[in-house]
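Shown below is the structure under consideration.
FYI, it's all coordinate maths here, none of it is from the lab. Quantities reported herein were computed from a predicted structural model and do not represent experimental measurements.
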Amino acid sequence: MGKVKFIEKTHQYLSDKGELISVSAFMEQFKEKVDWKQKAKDKAARMTKEGIPTTQRQLLALWESKRVKGSGAGTTLHTIKENEVLNHHAPSFYGKTHAKKSCTYEGLDKFSIPIHDIQNDTVYAELIIYDFDYMLCGQSDKVIVTDGKINIWDYKTDKEITFKGYSDKWHPKPKKLLPPVSHLDDANGYIYALKMSLYMYMLWKANKGRFKPGEIVIEHIQIKRDTDGIPILDKHNHPIQLSCTEIRLPYLKKEVIAMLNTRKK
């Protein structure tokens, strides 16, 4: 198997077989595109009509601030959590001590390790997971291989994890994802389930069934936010953690295969 090089600055996955599409980019094709400028214009008009003078520009600026600061807070927490695993002399999961492994670095560039040779009773932090048949690649926050099973864990700092698509009095029907997964609501809970299920499937496939699928778990970390929903940072510029809840997601293997069938091998 080849090796994948991740360039963080451009968020590219490169290999001697060509550039791989990121799992995040792949997932976008199953979501309806949103015209954020029109959405902001419509919402500003409604708010102004309801007595809260608001402009399209104000809303777009607020949404962009929330996106940038939310993403930054999430990245910081991911680094903190990754270091907690890698710096622990004997990390314990599922009631037993695990060995720990991670990808390698050359300067700022990150390189994959052979995912077809993952080992039992081992935790992999920020593992690059790839598939050259479909030319797809992504990274899972924490892969725990134990008792002959692959367990996919991810950290999320979303304000909430929901499984119901957006709706309001103007659009009462919950928004759905696009075919072939249009039976699922366009909600972050299902999007994360699909993405993490894809990682599970790619790892299972790479190891030719040596391991069985185990759990798919989100560690939902609630962070302190202001009234606009923007993360509040401490004196070290770290997000302030309030609580952490484990959310177990379904393994959507059938849906993953249907999505992969939209790409030619």
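What do the square roots of 5 times the Cα gyration tensor eigenvalues come to for the stretch 135-192, in whole Å, largest first, as semi-axes of the equivalent ellipsoid?
Details: eigenvalues 174, 42, 21 Å².
Whole-Å semi-axes of the equivalent ellipsoid: 30, 14, 10.
Specify whether the C-alpha gyration tensor of the stretch 104-150 places it in the rounded, prolate or oblate class, a ≥ b ≥ c being the square roots of the eigenvalues: rounded for a/c under 1.5, otherwise prolate if a/b is larger than b/c and oblate if not.
Here the stretch 104-150 falls in the oblate category.
Per the helix-only calculation at 222 nm, which mean residue ellipticity applies to the chain, given -39500 (n - 2.57) for every DSSP H run of n ≥ 4 and division by its residues, nearest 500 deg cm²/dmol?
-9500 deg cm²/dmol
Just to be sure I follow: if Rg is taken over the C-alpha atoms of the stretch 1-125 and Rh is the Kirkwood radius over the same atoms, what is Rg/Rh? Provide the component values of the computation, followed by the final result.
Details: Rg = 21.3 Å, Rh = 18.8 Å.
A ratio of 1.13.
Given the convex hull over the Cα atoms of the stretch 22-92, what projected area results after averaging over all orientations, in nm²?
7.7
Follow-up. What does DSSP give for the chain in terms of the percent of beta bridges that are antiparallel, rounded to the nearest 5?
75
Another question, then. In Å and from the alpha-carbon atoms only, list the Rg and Dmax of the stretch 114-265.
Cα only, the stretch 114-265: 17.4, 52 Å (Rg, Dmax).
Of the listed pairs 37/264; 176/253; 66/156; 37/175; 5/81; 205/264, which have alpha-carbon separations greater than 25 Å here? Don't skip to the answer; put the middle values down first.
Values: 37/264 34 Å; 176/253 19 Å; 66/156 15 Å; 37/175 19 Å; 5/81 23 Å; 205/264 17 Å.
In this structure, 37/264 lie more than 25 Å apart at Cα.
Could I ask something else about it? If you average the alpha carbon positions of the stretch 193-246 and of the stretch 83-120, how far apart do those two centres end up, in angstrom?
17
Note the per residue figure in Å³ for the convex hull of the C-alpha positions in the stretch 62-119.
Each residue corresponds to 145 Å³ of Cα convex hull volume.
Here are a few candidate values for Cα extents along the principal axes in Å: (1) 61, 47, 36; (2) 61, 41, 36; (3) 49, 45, 39. Which one was actually calculated from the structure I just gave you?
Here the calculated entry is (1).
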